[in-house]
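Shown next, in C-alpha cells, is the structure this report addresses.
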Amino acid sequence: MNDVLPEQAVLWEFFEDAARGWLAQYGYRNIRMPVLEKTELFVRSIGEVTDIVEKEMYSFVDHLNGESLTLRPEGTASCVRAVIEHNLLYGGAQRLFYLGPMFRHERPQKGRYRQFHQVGVEALGFPGPDVDAEHMVMVADLWQRLGLAHLQLEINTLGNAASRARYRARLIAHLEKHASALDDDARRRMHSNPLRVLDSKNPALTEVIAAAPKLAEDLDEDSREHFEALQALLQNAGINFSINERLVRGLDYYNDVVYEWTTTRLGAQGTVCAGGRYDGLVEQIGGKPAPACGFAMGIERLLALLTESSIAPTARCADAYLVHSGEAASRFAWGVAERLRKRGLAVILHCGGGSFKSQMKRADSSGARFAVIVGDEEALRQVVSLKPLRLGGEQVQLAADQAATMMLNYSNP
C-alpha cells in the first residue's frame, strides 16, 4: 500500500479530473459506497471458488457484533447492493460511476498493489447490446482524450447460464481426459470453476487449453444474436476489436459479453480496463431481476501507462507569493492575499518571518509567477509592489486590485 506524494498527486488529479468530466458527458452520476461490506456480499457475488474470495480478501470479524466484514476487493457488488438497498431502479434504469480504493492481498508488483484504485462504471436496467457498445465506445473516447495509443480491445461471450452449463460439462470432460498434464491450480479448479482454467498463464497448459472445446458451440440463439449485434455496433462506431474465445474474466457473476482493454507496454500487468454483462447479479444479491453491465479501470496502471507514454501534466504553480515584513505590513498582507484570491488568483502568503531577501528566495523557489511585496510603507499607502519572477518586466507599485488585473492579464493574454 502506497503513499501518493504531492509531486505524484499531480498526475492523479489530472486523470481524475479528466475522468469526471468524461463520465458527466455520457450521463453517468457519481455514487459513493463504503469500503467495508459484509463478507457474505462478496462470497455470494464474486464466487466462493475464485482467487479473490479464496486468497485475496482482507476479512475480519467485528468484535462488537461478531459479523465478518471485508474491505471491498471490487466495486460492482457494493454498487448493486446500494442500488437495491435504496430502490434506485424504482425510478428507472441507472447510469452510475464510482472512484476509490479497493483492497486485495496479492503479491505486490508494478501495477498491482494491495490497495489499488479504480474508476468503476455500472449501467443497471439496460438489457440490450447498445449499452455494452456504449461502454466500449466511451472508453475508446477516454483513451483519445488522454492521448493514449496502442490499446487493444478483446471481446468474448460467455452465453447465458444454460449455455455455460452445457459447455461446463464438455470442458470438465476434456480436462479430466488431460488431468495428468494439469498443474495443481488447474486440477483444483477442474470441477469447481473449470472456465478459470482457460485463463491460466502457465505455458505448460497451452496445448491442453488450445484443444479445449469452444464455448461458442454451446451458445443459445439469444446470446449469439446479442454478441453479433454488439459487433455490428462496434464496427459502425469505428472501434477496432478482436474476439478472444479464451477470455472468461475472474468473477463468477459475468454472463454473455465480457471484454478487456490491454496494452503491451506494462509487462505482465497488461489489462487496464475490463468489464462485461452481469444480468443475474441484482437478483442474486436480493433485488428484483434486472439486466446490468459495467466495467472498471485500474488507475495505477493507467497512470503508469501515461508516464510510459510521456504524458506528464505539470502542477499549477501559484500566481503570486506574498512577501511581507513589519507589523503593519503583516496585517495588511492578510487582507491583500484574500482580495487577490477572490479575484481567482492562487496566492501563497509567506509565513514564518525572515528578511525580505530570504522571503524572495522562497518566492522564487515556489515557482510563483509574481512576488507581491508589502512593507510598512506599502501598508501605509494601501498599495503593493508587484515583481514579475518568470516573465520579465519591471517592479511596479499599484493598488491590490490593479495588481490582480495585471496578473490576470498575464494569465489570459
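Taking region 1-93 and the strands (runs of 3 or more DSSP E) fully enclosed by it, the elements with 2 or more residues that are charged (D, E, K, R) and assigned by TED's automatic domain parsing to the domain that holds PHE103 are at 36-38.
Annotation note: of GLY128, GLY120, the sole residue that is assigned by TED's automatic domain parsing to the domain that holds ARG301 and modelled with pLDDT under 95 is GLY128.
Listed by first and then second residue, the pairs with beta-carbon distance under 8 Å, at least 6 apart or on different chains, first residue in region 106-121 and touching a residue at least 60 places away in the same chain (Cβ under 8 Å), second β-branched (Val, Ile, Thr), are PHE116/ILE299; HIS117/ILE299; GLN118/ILE299; VAL119/ILE299; GLY120/THR76. Tallying residues that are assigned to a loop (DSSP other than H, G, I, E, B) and closer than 18 Å to LEU146 by Cα within region 254-300 yields 5.
Name the single residue, out of those in region 336-357 being of a type outside the set (A, V, I, L, M) and either touching a Pro at 6+ places or on another chain (Cβ under 7 Å) or in contact (Cβ under 8 Å) with a residue 60 or more places away in the chain (or both), that is nearest to GLN152 (Cα to Cα). Taking the candidates together, the pick is GLY344. Scanning region 231-253 for residues that are assigned to a loop (DSSP other than H, G, I, E, B) and aliphatic (A, V, I, L, M), we see that the one that is farthest from LEU198 (Cα to Cα) is ALA237.
In region 6-40, what residues are of a type in the set (A, V, I, L, M) and over 20 Å from PHE116 (Cα atoms)? Steps first, please.
Kept after step one, since they are of a type in the set (A, V, I, L, M), are these residues of region 6-40: 9-11, 18-19, 23-24, 31, 33, 35-36.
Correct list: LEU23, ALA24.
It is to be established whether one or more residues within region 116-123 are within 30 Å of SER309 (Cβ to Cβ), touching a helix residue (DSSP H, G or I) at 6+ places or on another chain (Cβ under 7 Å), among the β-branched types (Val, Ile, Thr) and not in a loop (DSSP other than H, G, I, E, B). So far as region 116-123 goes, yes, one or more of its residues are within 30 Å of SER309 (Cβ to Cβ), touching a helix residue (DSSP H, G or I) at 6+ places or on another chain (Cβ under 7 Å), among the β-branched types (Val, Ile, Thr) and not in a loop (DSSP other than H, G, I, E, B).
For region 211-229: of the residues being small (Gly, Ala, Ser) and farther than 15 Å from GLU176 by Cα, which is surrounded by the most Cβ atoms within 10 Å (Cβ to Cβ)?
Quick first cut of region 211-229, residues small (Gly, Ala, Ser) only: 211-212, 216, 223, 229.
Still in the list and also farther than 15 Å from GLU176 by Cα: 216, 223, 229.
Values: ALA216: 16, SER223: 22, ALA229: 15.
By that ranking, first place goes to SER223.
Restricting attention to region 358-413, which residues are of a type in the set (Lys, Arg), within 16 Å of LEU340 (Cα to Cα) and out of contact with any helix residue (DSSP H, G or I) (no Cβ under 8 Å at 6 or more places or on another chain)?
Initial filter on region 358-413 (of a type in the set (Lys, Arg)): 361-362, 369, 381, 387, 390.
Those left that are additionally within 16 Å of LEU340 (Cα to Cα): 369, 387.
Result: LYS387, single match.
Return a yes/no flag: does region 392-413 have any residue that is among the charged types (D, E, K, R), in a loop (DSSP other than H, G, I, E, B), outside the structural domain of ASP132 (by TED's automatic domain parsing) and more than 32 Å from the chain's Cα centre (by Cα). Yes, there is a match, as at least one residue in region 392-413 is among the charged types (D, E, K, R), in a loop (DSSP other than H, G, I, E, B), outside the structural domain of ASP132 (by TED's automatic domain parsing) and more than 32 Å from the chain's Cα centre (by Cα). Given the condition crowded, with 20+ Cβ neighbours inside 10 Å and among the charged types (D, E, K, R), answer yes or no: does some residue in region 182-204 qualify? So far as region 182-204 goes, yes, one or more of its residues are crowded, with 20+ Cβ neighbours inside 10 Å and among the charged types (D, E, K, R).
The values are calculated or read from the model by the stated rules, or taken from the named source; none is laboratory data. Since the model is a prediction, treat every value here as computed from it, not as a measurement. A quick note on method: Cβ atoms are made from the backbone with ideal geometry, for glycine too, and the neighbour counts reach across all protein chains shown.
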